[in-house]
Amino acid sequence: MELRPFTHEMLPEAGAMLAARHAADLAAMPMIAPQYAQPQHAEAAVAALLERPHAHGVAAFAGGQLRGYMISELIFDATWGRVAWVRLAGSATAPGQGSELLRDMYAHLAVGWVDQGCYAHFATIPAADPSLLFTWSTLSFGIEHMYALLDIASLAPRDPQPGISIRRATSADRQTMAGFSDLIWRQQVQSPCWAFTAPERAAELPPLYGAEVDDPEVTLWLAFDGDQPVGVQEFCAAEEAPDKLLYPAGCTELSIGGVTASHRGRGISGALLSHALREAAAQGITTCATDWRSTNLLSSRVWPHLGFRPVAYRLTRRIDQRIAFAAR
């Protein structure tokens, strides 16, 4: 097997390879975007990755034929630090190709990542193929994040318990929304999630949450116990981009969801979701997307219970930074 730098001339073959993988994923997960099973759309997805800053890739050839590719993107910013990503469209192998090729391509690319100080490595993969997850796990990657879809037609109606009311948010609910700004991060800084939120970022969130009530691009639903606000869900149009392979056209996304600790276990999340998606269905929307940290035990239990099915995983590997001065 010969490894070469990935070039634009390889896009048609890579697109065909990705389309074949996506067709297999689509057969197992019919809710995902169908167009990427067509080579021209899959090729556009791979091409979009190459246009990202700090993108580069590797292609594997045998007998003059492309057998696999992997494209990575390096990110250098205050939120993520110095990290390397392989996006959902960023890797595929030919049908029948063994798992060792993926491991070889990662090993080849990761040298440059570590040389540039990128010790956190991320890969997003489809959930349909357990063997793909196993292959990445043999490279010391583990699941960090889940991406899921819900068929709205399959959602059972759920009404709130007596005393709980649900309504759409208005501009008068700015302070109520601001009060929900710590629901998610306070849960995620705890065991076993331990997801970092900087104190200065936490201080910025209340006005940002409050401003959501005036955003015409979002729909907010609130739950109350009497006059006490106890739950929130926010929905927006799921992002469509050439390298996003999951969300079908017209999909809505649950971007914020939470219930206060005192009212968990009373069916409020299900009632909010039922109310919101009943209205979405009346507007012709058929699918809802959301995502969560796999170590957030509340999220990883409630959303699958309500019907969300994982369609992709974000995998993570963190390299011991002492490798920079290790014996050679």
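Odds and ends about this structure:
- Consider segment 36-55 and keep the residues that are surrounded by 16 or more Cβ atoms within 10 Å (Cβ to Cβ) and over 19 Å from the mean Cα position of the chain (by Cα). The one that is farthest from GLY112 (Cα to Cα) is ALA37.
- Complete set of residues in segment 303-328 that are buried (at least 20 other Cβ atoms within 10 Å of the Cβ) and in a helix (DSSP H, G or I): TRP303
- Any hit, segment 148-156, residues being over 27 Å from CYS288 (Cα atoms) and either at pLDDT below 95 or out of contact with any His (no Cβ under 9 Å at 6 or more places or on another chain) (or both): no
- Residue match in segment 59-78 (condition: outside any helix (DSSP H, G or I), among the basic types (Lys, Arg) and under 30 Å from GLU200 (Cβ atoms)): no
This table checks each residue for (1) in contact (Cβ under 8 Å) with a residue 60 or more places away in the chain; (2) touching a Gly at 6+ places or on another chain (Cβ under 7 Å); (3) closer than 29 Å to THR286 by Cα; (4) buried (at least 17 other Cβ atoms within 10 Å of the Cβ).
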| site | (1), (2), (3), (4) |
| --- | --- |
| HIS145 | yes, no, yes, yes |
| LEU150 | yes, yes, yes, yes |
| ARG168 | no, no, yes, no |
| ARG174 | no, yes, no, yes |
| GLY179 | no, no, no, no |
| ILE184 | yes, yes, yes, yes |
| ALA203 | no, no, no, no |
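- From THR138, THR170, residue being farther than 22 Å from GLY258 by Cα and more than 19 Å from the chain's Cα centre (by Cα): THR138
- Where TRP185 falls short, out of the listed (1) at pLDDT 95 or above; (2) under 18 Å from VAL259 (Cα atoms): (1)
One line per residue, one yes/no per condition, for (1) among the β-branched types (Val, Ile, Thr); (2) over 30 Å from TYR106 (Cα atoms); (3) out of contact with any strand residue (DSSP E or B) (no Cβ under 9 Å at 6 or more places or on another chain); (4) modelled with pLDDT under 95:
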| site | (1), (2), (3), (4) |
| --- | --- |
| GLY267 | no, yes, no, no |
| LEU277 | no, yes, no, no |
| CYS288 | no, yes, no, no |
| LEU297 | no, yes, yes, no |
| VAL302 | yes, yes, no, no |
| GLY307 | no, yes, no, no |
| LEU315 | no, no, no, no |
| ARG328 | no, no, yes, yes |
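- Looking across segment 134-156, the residues that are assigned to a loop (DSSP other than H, G, I, E, B) and not β-branched (Val, Ile, Thr) come down to LEU139, SER140, PHE141, LEU155, ALA156.
- Selection count, segment 281-297, where residues are outside any loop (DSSP other than H, G, I, E, B) and either under 19 Å from the mean Cα position of the chain (by Cα) or surrounded by 20 or more Cβ atoms within 10 Å (Cβ to Cβ) (or both): 8
The values are calculated or read from the model by the stated rules, or taken from the named source; none is laboratory data. Not measured: the values here are computed from a predicted model. Using ideal geometry, Cβ is built from the backbone for each residue, glycine included, and neighbour counts are taken over all protein chains shown.
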